[in-house]
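J.: What follows is a single structure, and I will ask about it in a moment.
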Amino acid sequence: MIAIGVRDSGVGGLTVARELRRLLPGAQLLYFADTAHVPYGDKSVEQIQHFALSISQFLLGQGAQALVFACNTTSAHALGLARERFANVPIFGVIEPGARVAAQVGNKVGVLATQATVSSGVYTRTLSQLNPHIETCEIACPAFVPLVENEQTNSREAREACRHYLAPLQRFGADTVILGCTHYPLLLPALREVAPLLRFIDPATAVAQEVAARFPHLEPSSKADRFFVSGARGSVSNWIETLLDIPEPKMEVGPVFDFSSTK
């Protein structure tokens, strides 16, 4: 049995947790939703790194033996730093696995992501390294995370936001679109309604496959998954029920790692 720490700013990382649970039923998941600071997309690099390192340390203290950064913004800005800080711990990000899938099937690849991820340029760099002939276009989608966190994925506002953010990718001529934030797969029905001919890439499966390959042949876990929340928990609880099929999940109060407290 292995305990795997999974962290995100909110509920988006549950899309990765769902795939981990499917491919690694022998693992115990320790999930941390940092809803006290959601969304991460408008935070500074220093804040993002502080949250990432602090939550990683917390999850390791709870017994995690591996970490999954189920957040593109954190993967873009803090994955390398975390791997240096916790050199003996396997730490997985979500950007490279998703980019590898897109590079295999796309020629003109669009990326929907947070402002922080788009500003980093990490998807364009990674895709270019995988295939120098790929053309990319990255679009920041600040309305998406609040829609998901507020459980409005099937609303008129969600469909309008999808049309707004997909329009420049359609003008670009994208044949493939990476969902560059783990919240965004929860908007897939609306995205596909707006753009039924586009190929959407959800990196969650690729990430889970990478983790599963690292830890094959696990004995079944006798320990229940644990869920930590630093702020509002209602949406997290509801999405756990929906995505992981855990009725009335037990939520634990996680610490709030305010950036200002370190100054």
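J.: Among the listed residues Gly5, Gly41, Gly13, identify the single one that is among the small types (Gly, Ala, Ser) and at pLDDT below 95.
T.: Values: Gly5 fails: at pLDDT below 95; Gly13 fails: at pLDDT below 95.
Testing whether each residue is among the small types (Gly, Ala, Ser) and at pLDDT below 95 leaves just Gly41.
J.: So if I check each of Leu53, Leu67, Leu24, which one is at pLDDT below 95, in contact with a Leu (Cβ under 9 Å, 6 or more places away or on another chain) and not aromatic (Phe, Trp, Tyr)? Before the answer, list the steps.
T.: On the way: Leu53 fails: at pLDDT below 95; Leu67 fails: at pLDDT below 95.
When all the criteria are applied, what remains is Leu24.
J.: Going through region 224-261 one residue at a time, which ones are surrounded by 13 or more Cβ atoms within 10 Å (Cβ to Cβ) and in a loop (DSSP other than H, G, I, E, B)?
T.: Answer for region 224-261, where residues must be surrounded by 13 or more Cβ atoms within 10 Å (Cβ to Cβ) and in a loop (DSSP other than H, G, I, E, B): Asp225, Ser230, Gly231, Ala232, Arg233, Ile246, Pro249, Gly254, Pro255, Val256, Phe257, Asp258.
J.: Being modelled with pLDDT of 95 or more and on the phi > 0 side of the Ramachandran plot is true for just one of Gly93, Gly173. Which residue is that?
T.: Gly173
J.: Is it fair to say Leu59 is of a type in the set (A, V, I, L, M) and outside any helix (DSSP H, G or I)?
T.: When the stated conditions are applied, Leu59 does not pass them.
The values are calculated or read from the model by the stated rules, or taken from the named source; none is laboratory data. This one's a predicted model, so the numbers in the text were calculated from it and none came from an experiment. Here Cβ is always computed from backbone atoms with ideal geometry, including for glycine, and neighbour counts include all displayed protein chains.
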